[in-house]
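To start, the structure under review is shown below, and the notes come after it.
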Amino acid sequence: LMIVVEHEKIELDYCLNCSGVWFDAEELALLLETMQLKEASLSLDNILTSPETISSEKKRNCPICGKKMKKATVGHEPEVIIDACSRGDGLWFDRGEVGQLITQLPDKPSEKPDSQGRIVNFLGEVFRVPD
């Protein structure tokens, strides 16, 4: 069951059943820009050109095109395995994965600290890593 969560023009599709979240390509770009993370390894291009991660996780189908998505590793300590649509429709994060990535964000000086802080707080709230 997907619901749409909106904050600062970024709409995320959030699954009430599994607490997963879908970022479509535009939302992802907007999010990275808002958080001043343009060079981040989270860009869809980087993820789609990286080699597929071998994982025991079941492959998911893209909610937009229905094709099986590739497993990709982002972040480090811990590495987070996410699902990426090979057509470039977007990224799927399982429960807690967005939260794990947020904790790894470098505290870069930002031109808009308020905006960046609000987004990180919003994502942290919505995608809290369960205790």
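The values are calculated or read from the model by the stated rules, or taken from the named source; none is laboratory data. Bear in mind that the values here come from a model prediction, so they are computed numbers and not experimental data. For neighbour counting, all protein chains shown are included, and Cβ atoms are generated from backbone atoms with ideal geometry for every residue, glycine included. With ligands, DNA and RNA removed, areas are computed over all heavy atoms of the protein, side chains included. Shrake-Rupley method; radii C 1.70, N 1.55, O 1.52, S 1.80 Å.
Of all residues in the stretch 58-95 being touching a residue at least 40 places away in the same chain (Cβ under 8 Å) and open to solvent by 10 Å² or more (accessible area, probe 1.4 Å), which is nearest to the chain's Cα centre (by Cα)? Before you say what the answer is, go through the steps one by one.
We begin by selecting, within the stretch 58-95, every residue touching a residue at least 40 places away in the same chain (Cβ under 8 Å); these are 63-64, 84, 88-95.
From what is left, the residues that are open to solvent by 10 Å² or more (accessible area, probe 1.4 Å) are 63-64, 88-89, 92, 94-95.
Numbers: 63: 15, 64: 16, 88: 13, 89: 13, 92: 6, 94: 9, 95: 11 Å.
Once the filter is applied, the top-ranked residue is 92.
Mind checking whether some residue in the stretch 98-114 is polar (S, T, N, Q) and modelled with pLDDT of 85 or more?
no
Scan the stretch 47-67 and give yes if some residue there is among the hydrophobic types (A, V, I, L, M, F, W, C) and part of a helix (DSSP H, G or I), otherwise no.
Pass one, the stretch 47-67, residues among the hydrophobic types (A, V, I, L, M, F, W, C): 47-48, 54, 62, 64-65.
With part of a helix (DSSP H, G or I) added as a condition, the list becomes 47-48.
Yes, the stretch 47-67 contains a residue that is among the hydrophobic types (A, V, I, L, M, F, W, C) and part of a helix (DSSP H, G or I).
Does residue 12 satisfy being surrounded by 12 or more Cβ atoms within 10 Å (Cβ to Cβ), within 13 Å of the chain's Cα centre (by Cα), in contact (Cβ under 8 Å) with a residue 40 or more places away in the chain and not in a helix (DSSP H, G or I)? Quick ask: steps written out before the conclusion?
Numbers: surrounded by 12 or more Cβ atoms within 10 Å (Cβ to Cβ): yes; within 13 Å of the chain's Cα centre (by Cα): yes; in contact (Cβ under 8 Å) with a residue 40 or more places away in the chain: yes; not in a helix (DSSP H, G or I): yes.
Judged against the criteria, residue 12 is a match.
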